[in-house]
Structures are given as structure tokens and as C-alpha cells.
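Following: one structure in C-alpha cells, then a few remarks.
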Amino acid sequence: MPEPATRSISVWQGTALYVGAVVGSGILILPGITASIAGAGALLAWAGMILLSLPLASTFAYLARDYPSAGGVSTFVERAFGRYPGALIGWFYFIAATAGQFIVPLTGGGYVSYVFHWPRGAAFGIATVILAGAIASNYRGIRTSGKVQLVTSGLIAVVLLAATAAAVPAMHSGAWVPHGAGLRWSAVGRSSMLIFWSFFGWEAIASLAPEFRHPQRDVLRATWGGVVIVGVLYFGIALAVIVTHAYVAAPPSSFVPVNNAALARVMGMAIGQPGAVVTALLAVVICLGTTNAFVAAISRLAYALAHHGSAPRWLDQVDARGTPQRAVLLVALMAGTGILVTWVCHLSMTRLVYIPNSLGIATYILGTAAGVRLIRTPQGKIAAGISCAACIAAYPFVGTFIGIPAVVALGCIGYLVWRGRWQARGRIPRFNEMR
């Protein structure tokens, strides 16, 4: 494998990249939603996910160290199990991230409509504007730099730290310790599955392993540093929401605005309405930056899948600026449909988050299984085994959404088999015959 042009990433830079990849807009809504489901027991779910992050993130760090590749987790899975599972990872990522493109804008819209007491429709209007702005920007070929994404993640960290600090005066043991029958393990399990949305990203930096100055040593150090920082931020904000009671207990199917904007309520309770307004405005900025970056990333993923023969050739197109405009339009169609269906069917954010989560957990099951097979060191194999077993054990808590990865898998495998037959007949050019 050729050496990367430069090895420039230090441990501290790698840690920052990990935090930037994991800390996303999902943390704006999940503390309130999980608290509404499990009460103080949600803290156990957050703590459990933080603990799981250590072997999970370490698994991908070991894989990146032993098999450095810009292809990341799909490369690992393909190396371990063959082309079809490797292609499947790409499909899982694409569908999961596309679902995120209507969840993230709705998050920003939900914050604004809650703080200003606007009707439900306002949240969907704001979400549509956020999505349209991101689509237009990407269609015109305006790219979001990595520095902009680090700024977005930094804004999220500032909001989390501010809300946590504002809640400190309210922190007393009686407010956040689960008691007796109040602790429902099924609710804790459901909360854990929702929390996965905030922990996706440990695999993302694997593709940058070749660019670390000392990958054999620094990839693992950066991983562990990222786990600690993300864990402190996440547990702190979950604790802040619970001790201030900035949520309303409700079944998962219900739409409760305050649970989707709990951080704004925390700030409003601590320093008044100006704090809530600033939090809401920052949420819109964060969601716009996140949506813009993800539209760019997943449209290029769709193009890459098509270019390698794993998705329809119609998507294998870029304009003179290198923009995959057809893929951008596909993302716009799918995300826009998601917003419309959510509005018409009165779906709750809780239900929506299960869609990408089911696919993300399936991705982690395949990725960690590849780790069990490929990682060379005993400690790495143990980390992969623990992670894979934990993801498999947790997966049933996805509930009725457990079938989504199976449907996507059938679509992916069906397409690849169909394409292979047409290639054999000479109707479709093989990859090495494509431009």
C-alpha cells in the first residue's frame, strides 16, 4: 500500500478529530427524549454507552492501525467477509445518513418553535429551509471544510458545557438517583438504543489512520482521549437535564416539544429567556452546519458506490467542479420525503431516531465482527469480541425497526446479483471497463 503524502496528525489533533466526528446534533435532543422514557434511569443508559464506547472505538482503532486504508470500515468488512458485506456497509451508511438529513433539520426547527412558542408547523418550515439551504449549497459545489465542521462541533461542546454548568446549583442526589420500581430496565434498554445516535462516528477516523505521525502508537491514544472527552460531555448534559427536570415523562410515540429542546429549557431555567433564545439560535446554526456537511459526504458516498458498481450507474456522474449533482438530488428527494412523511403521519423524534440507529448498529456488528477476524493482537480481538457481543445483545431493543437493515440488505444484494447477471451477458460494463 502506498504511503500517504504526509503524516501530519498528532495525538491531540487526532483526539480533536475523534471528538468532532462523534459529537453531533443528536445530543441536542436525546437527553430530553431518553429522560422522558427512563427518567433518572437514563443515566445508566448513558453510562453504559460510554463504557461500551471504549472497546468499540478501540476495535476500529486497532483495525485502522493494522490495516491502514482510506476506505475505513467498509474496507475492513470487505477484507474479512467479501465484496457483498463490504458493499452492504456503504448502503447502510447511505440510508442511515440520509435519514439523518431530516432528523437534524427538525432538531433545529424544534428548538426555535419551542423557545418562541410557535406551532408545530413552524418546526417543519424551519427544517425545510435548513435542508433546502444545504442542498442548494452542495448542488452548486460549495464544500464545507473540515475546519468548519470542527467549529460546529466546538459550538455543540460550548452549548453542552454551558447547560451543564447552569444546572450545577440544582444537582442533589435525590434528583438523579433511580429508586425502586422507578427503575425500568426495558426503558433503560430502549434509551440505550436511542443514545447510539449520539455515539456514531468512532469508525469515521479509521480512514485517516495513514495520516497519523506515529499510527502504531497515536491512533489508540487519540481514540482513548476522544472517548474520555465525549463521555464527560455527554454524561454531564444528561445529568443536567435530569436534575433540573427539564423534560416531561411521555411514551415514545408522543410528540412533546420540550423533550426535543431540553437544553433550551435548562438554560431558560438557569438564566432566563435570553439563555433559551441563544441556545435555540445556536441549535439552528449547528444543525445547518451538520446538514450541509452530511449532504456533501453522503452524496459523494452514493457516487463512490455507483462508480465501484455497488449502486445504480445513474449516480456515477459529476459535473465540471467534481460535484455529484444527481446524488445530491437523490439525497434531497429522500430527505424531503422524510420531512413530509413525518409531518403528515405525526411521527415523533423518538421513532425517527430508531431508523438510522438500526442501520448504524448493524454496521457496528459487521465492523466489530471483521475486527474479531482481522485484528492481530489478543487485546484487540478481545475488544472486538466484547463490542460485537454487546451490539448483538442490544440490537433487539430496536424493536419493530429491527427489520430495516434486512430490507436494505435485500435491496443491496438483489441489486448486486442482478448487476452481476447483466454483466455476464455483456449488457453492463464491468468496473474495469467503466470510466
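The values are calculated or read from the model by the stated rules, or taken from the named source; none is laboratory data. What you see is a predicted model; the values in this text were computed from it and never measured. Note: ideal-geometry Cβ built from the backbone for every residue, glycine included; neighbour counts use all protein chains shown. With ligands, DNA and RNA removed, areas are computed over all heavy atoms of the protein, side chains included. Shrake-Rupley method; radii C 1.70, N 1.55, O 1.52, S 1.80 Å.
Between residue 12 and residue 281, the modelled labels are 3.2 nm apart [label points 7 Å from Cα along Cα→Cβ].
Averaged over residues, the count of other Cβ atoms within 10 Å places the peptides 301-307, 154-160 in the sequence 301-307, 154-160, highest first.
Treating the angle as unsigned and between 0 and 90°, give the value, to the nearest 10°, between the Cα long axis of helix 325-345 and the longest Cα principal axis of the chain. On a 0 to 90 degree scale, this one is about 40.
From the alpha carbon centroid of the range 402-423 to that of the range 208-265 is 34 Å. Taken over the range 24-75, the percentage of Cα pairs per 10 Å bin, counting from 0 up to the bin with the maximum distance, is 21, 33, 26, 18, 2.
Whole number please: convex hull volume per residue of the Cα set in the range 42-103, in Å³?
105
Kindly express, to the nearest 10 degrees and within the range 0 to 90, the angle between helix 11-22's C-alpha long axis and the longest C-alpha principal axis of the chain. Relative to the chain, helix 11-22 is tipped by roughly 80 degrees. Around the Cα centre of the range 296-435, unit charges on the Cβ atoms of Lys, Arg, Asp and Glu (plus for the first two, minus for the last two) sum to a dipole of about 460 debye. Computed extension length for residue 377-residue 424: 12.8 nm, one decimal, from 0.36 nm per residue of separation with the Cα-Cα distance subtracted. Modelled label positions at residue 407 and residue 345, each set 7 Å beyond Cα in the direction of Cβ, lie 0.8 nm from each other. Derived scalar couplings between HN and Hα for the range 348-353 equal 8, 4, 4, 5, 4, 5 Hz in order, rounded to whole Hz, by the Karplus curve 6.51 cos²θ - 1.76 cosθ + 1.60 (θ = phi - 60°), x for Gly and Pro.
Rounded to a whole number, what % of the accessible area of the chain do carbon and sulfur atoms account for, probe 1.4 Å? The nonpolar share, carbon plus sulfur, comes to 69 percent.
Restricting the calculation to Cα atoms, the range 219-259 yields a radius of gyration followed by a Dmax of 15.1, 42 Å. When the Cα gyration tensor is reduced to axis lengths a ≥ b ≥ c, the ratio a/c is 1.5 or higher for the range 1-114, and with a/b above b/c it is classed as prolate.
Farthest toward the positive end of the dipole of the chain, out of 125, 346, 85, is the Cα of 85, where the dipole comes from beta carbon charges about the Cα centre. The phi torsions of the range 75-88, fed into the Karplus equation with coefficients 6.51, -1.76 and 1.60 and a -60° offset, translate into couplings of 5, 4, 5, 5, 5, 7, 10, x, 5, 4, x, x, 5, 4 Hz, rounded to whole numbers, with Gly and Pro shown as x. Under a 5 Å amide H cut-off, with hydrogens placed 1.01 Å from N, residue 9 pairs with 212, 213 among residues at least 5 apart or on other chains. Roughly speaking, what % of Cα-Cα pairs in the chain are separated by over 39 Å, rounded to a whole number? Tail of P(r) above 39 Å: 17 percent of Cα pairs. Put simply, the C-alpha atoms of the range 286-383 give a gyration tensor, and the ellipsoid matching it has half-axes of 29, 23, 12 Å, longest first. Dividing the helix sum by the residues of the chain, where each DSSP H run of 4 or more adds -39500 (n - 2.57), gives a mean residue ellipticity at 222 nm of -24000 deg cm²/dmol. Think of a 1.4 Å ball rolled over the protein heavy atoms: the chain then has 41 Å² of accessible area per residue. Dipole of the chain computed with +1 at Lys/Arg Cβ and -1 at Asp/Glu Cβ about the Cα centre; of 33, 165, 331, farthest Cα towards the positive end is 331.
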